[in-house]
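Below: one structure, written as structure tokens.
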Amino acid sequence: MTAGRHVAEDLLRELAPQVLGTLVRRYGVFDACEDAVQEALLAAALQWPGTGVPDNPRGWLVTVASRKLVDQIRSDSARRRREDTLTLATPQAALLSHAADDVPDADRDDSLALLFLCCHRALSPASRIALTLRAVGGLTTAQIAAAFLVPETTMAQRISRAKQTLNSSGAPLSVPEGTDLTERLAEVRHVLYLVFNEGYSTTGGTEGTGPTAPELSDEAIRLTRMLHRSKPDDTETAGLLALMLLTDARRPARTGPSGELVPLTDQDRGRWDRRAIAEGVDLISRTLPLGRVGPYQLQAAIAAVHDEAEDTGATDWPQILALYEILEQFGPNPMVTLNRAVAVAMVHGPAAGLALITELETDSRTARHHRLLATRAHLLELLGEHEAAAASYREAARRTTSTPERRHLTARAHRLEVRA
């Protein structure tokens, strides 16, 4: 693939949500607008490598997508009423004109408003993620389906239902204000956090795949950067971006030569992305003093302590433990308590950490979770109770849905069994 083609594809991915936002703001029919934008993007991908990128590529795409939208409506008699509505709302000349570089308001960027729309509370969490990746992230339905290990038809239906829900809800394309902005911003951050986590540590890795889905974590970082640029004073968005950067910096060392999972304690820290670490540390260092500290900022601070340590032995575990204790104050979360148990074990000994894990075994949210079993196995291993540790590793391997993780846990169990 030529360099020019790469540039065109990168530009199209950046412009896609901007163009879709413009069409949704003008016409308000999400599903039809999204289809028209996809056709315009395809036309550009075919034409621009040969003819060159227009002086105003966004304007070109808006014009072509608008014309495609009218063509779609006219070709479907069932949408005749919608055509009449659009015709009344939009000058006919603007809809039927040739693709041009000069389009009124085409330079207005509605990407942020589109992100809020895709994370609307009328949608289920799974639908918010899928629609965000499709409409704002520019991923194809096939790419999203592959990342979440579901059939493409299933993901297509999920996205289609999400679009229909938005159409029927009458949700406006706008950035909320006041109290509503605070609530909706939290929802957007949560969607981006889930996307990143699924990309960094995919829950459904299969044979032949690694434990990560980089296209998801990369897209989550890109979208969070966009959100941070739009809301630079929001400390939790800054914290979320820092957390993603500091965590994703370890990705190159997270897998071995054969794609096997490498735990944090065994990673080659020379392979970590030092530029991302520096950016993340600088961001969280500037953010923490600015306002009320929240969960994302605290998680970023914990990640920074890990990333700044030269090796596992140099990790400032007392500081990490203190940060987890503050993090728990934001609400009961068994996964936070599980992570705190590891920090307790590193500061006060594995027996103290196991005592915390025993308390979690009565919590229905974690009692049968593979991560609780794997953590218990690790602490039992530190205590020298190899037989019990191997049994816990085996049970954790049985319960995980990720093949790479299952291989890793089984290997640890086998190693202890051989030693015993």
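The values are calculated or read from the model by the stated rules, or taken from the named source; none is laboratory data. Computed from a predicted structure; not experimentally measured. We place every Cβ from the backbone using ideal geometry, glycine too, and count neighbours over all the protein chains shown.
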Enumeration of residues in segment 112-137 that are crowded, with 20+ Cβ neighbours inside 10 Å and outside any helix (DSSP H, G or I):
Cys119, Leu123, Gly137
Between a first residue in segment 362-391 that is outside the structural domain of Pro263 (by TED's automatic domain parsing) and a second residue that is of a type in the set (S, T, N, Q) and assigned to a loop (DSSP other than H, G, I, E, B), which pairs have beta carbons less than 8 Å apart while being 6 or more apart in sequence or on different chains?
His370/Thr400; Leu372/Thr366
Residues of segment 288-342 satisfying the condition of being free of Cβ contacts under 8 Å to residues at least 12 places away in the same chain and charged (D, E, K, R)
Asp316
Restricting attention to segment 15-51, report how many residues are in a helix (DSSP H, G or I) and within 25 Å of Gln164 (Cβ to Cβ).
25
Subset of segment 376-420, residues in a helix (DSSP H, G or I), farther than 15 Å from Pro350 by Cα and aliphatic (A, V, I, L, M), comes to Ala390, Ala391, Ala396, Ala397, Leu409, Ala411, Ala413, Leu416, Val418
How many residues does segment 215-230 hold that are in contact with a helix residue (DSSP H, G or I) (Cβ under 8 Å, 6 or more places away or on another chain) and either outside the structural domain of Leu194 (by TED's automatic domain parsing) or without any contact (Cβ under 8 Å) to a residue 12 or more places away in the chain (or both)?
0
Give the residues of segment 276-285 that are in contact (Cβ under 8 Å) with a residue 24 or more places away in the chain and either among the acidic types (Asp, Glu) or out of contact with any Asp or Glu (no Cβ under 9 Å at 6 or more places or on another chain) (or both), sorted by residue number.
Glu279, Leu283, Ile284
Scan segment 357-375 for residues that are assigned to a loop (DSSP other than H, G, I, E, B) and either surrounded by 14 or more Cβ atoms within 10 Å (Cβ to Cβ) or among the polar types (S, T, N, Q) (or both) and report the count.
5
Which residue pairs have Cβ atoms under 8 Å apart, sit 6 or more places apart or on different chains, and have a first residue in segment 168-191 that is closer than 26 Å to Val29 by Cβ and surrounded by 14 or more Cβ atoms within 10 Å (Cβ to Cβ) and a second that is of a type in the set (Phe, Trp, Tyr) and modelled with pLDDT under 90?
Val175/Phe116; Pro176/Phe116; Arg184/Phe116; Val188/Phe116
Condition (residue is modelled with pLDDT of 90 or more and not in a helix (DSSP H, G or I)) applied to segment 346-356: is it met by at least one residue?
yes
